[in-house]
Every structure is written in structure tokens, then in C-alpha cells.
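Since every read-out is calculated from the coordinates, none of them should be taken as a lab result. All values derive from a computational prediction rather than experimental measurement. Cβ sites come from the backbone with ideal geometry, for glycine too, and all protein chains shown count toward neighbours.
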Amino acid sequence: MTDSRQIVAPLSGSLVAMSAVPDPVFAAAMVGPGAAIEPFPGGLTVVAPCAGTILKVQPHGIVIQRDEQVMIVVHLGLDTVKLKGRGFTELLRAGQHVDQSQPIALWNTSVATRAGYSLCTPIVVIGAQPGSVHIIPQSATVEVGKPFLRYTPASR
């Protein structure tokens, strides 16, 4: 029996296939399968794509343990680790429980844009069956908090 799950968009923007992410590691799905969002610029509130426990928090990204099999990675922009936290405000700490659509970070995208970094935000599903991650929306854009990806966890 398969167990399909869905996650919501952590921010609003244009959908980007993982293979089209302008970073070879994400584009080759070396981190894992998923999709990306090119966010609409401005001051953004980033929300949790699912309920779970915060495993890791960095200014530019967060890892949420959804259940014993699946982790969701939200990586805010590309190469934004080089900003050393500038433009980001973390709202939660590792070990905290988070509810789906709960704010997890604030992101002033103009800091990354001025520094020349891509805003493209990969959302990775670690622990999904190969080929089971699919984009839900039928349009080219997605709205924060709305269903975004569907996946099936890998069998144990």
C-alpha cells in the first residue's frame, strides 16, 4: 500500500522544475527530489511546508523532520550561505515542533538580489520513493500555504 503525502508552498512565486534550478547539485537531484520556486521579490514570510520537528536551522535554509522516513529541506536562494545571515530572520530553533504553514523565517530578498545571488528556492523531499515527487499546481505559479508537492515515502 502506498502512502501519498503533500506539502504546501513555503512562499509564493513561479514554479521551477528541479532539473532547471541554476545549481548543478540541486538540478541533478543530488540532495534529493523536489521542485523549486522563484519567489516574487520583496520582504517575504516563509512558512513551513509541513508539520514536523525542526532538525536544522540556518539563515538560508531549514530542515524539517516530517516523520520517521521523510525530511523536507527548504533552501532559500542559491549561494545565499555567503550572505552570512544578512537578509534573513530565523523564527524557530532546532528541536521545536512546527505546524504546516506556520511562519519559519523572514526573508528580505533585496539583500540577495543586490549581492547577485539567485532567489530560486529548492524544496527537497528526502526519503521519497524515486520518481514519486510531483508538482500539484496546474499553473506556472504557486501561492504560499497552498498544496505544492505530492510524494510517496520510500518503503522501509
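A compact table of results
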item	result
Using θ = phi - 60° and Karplus 6.51 cos²θ - 1.76 cosθ + 1.60, couplings along the stretch 101-114 (whole Hz; Gly, Pro as x)	6, 6, x, 10, 7, 10, 9, 8, 5, 5, 5, 5, 4, 4
Under-5 Å amide H pairs with Ala128, H placed in peptide plane, nonlocal only	Ala154
³J(HN,Hα), Karplus 6.51/-1.76/1.60, whole Hz, each residue of the stretch 51-68, x for Gly, Pro	7, x, 10, 5, 8, 8, 10, 10, x, 9, x, 8, 10, 10, 7, 6, 8, 5
Reach of Lys56 by Cα under 16 Å, taken over aspartates and glutamates that are not fewer than 8 positions away in the same chain	Asp67, Glu68, Glu90, Asp99
Cα-based convex hull volume of the stretch 12-69 per residue, rounded to whole Å³	109
Per-pair calculated FRET efficiency, R0 = 25 Å: Thr141 and Asn108 via Cβ, rounded to 0.05	0.75
Interchain or long-range residues, amide H under 5 Å from Thr121's placed H	Ile37, Glu38, Gly77
Convex hull volume per residue in cubic angstrom - Cα atoms of the stretch 49-129	83
Whole-Hz couplings from phi, Karplus 6.51/-1.76/1.60, listed for the stretch 144-154; x for Gly and Pro	3, x, 9, x, 10, 10, 10, 8, 10, x, 5
Computed [θ] at 222 nm, deg cm²/dmol, the chain (DSSP H ≥ 4; -39,500 (n - 2.57); rounded to nearest 500)	-1000 deg cm²/dmol
The chain: translational diffusion in µm²/s, Stokes-Einstein, Kirkwood Rh over Cα pairs, 25 °C, 0.890 mPa s	161
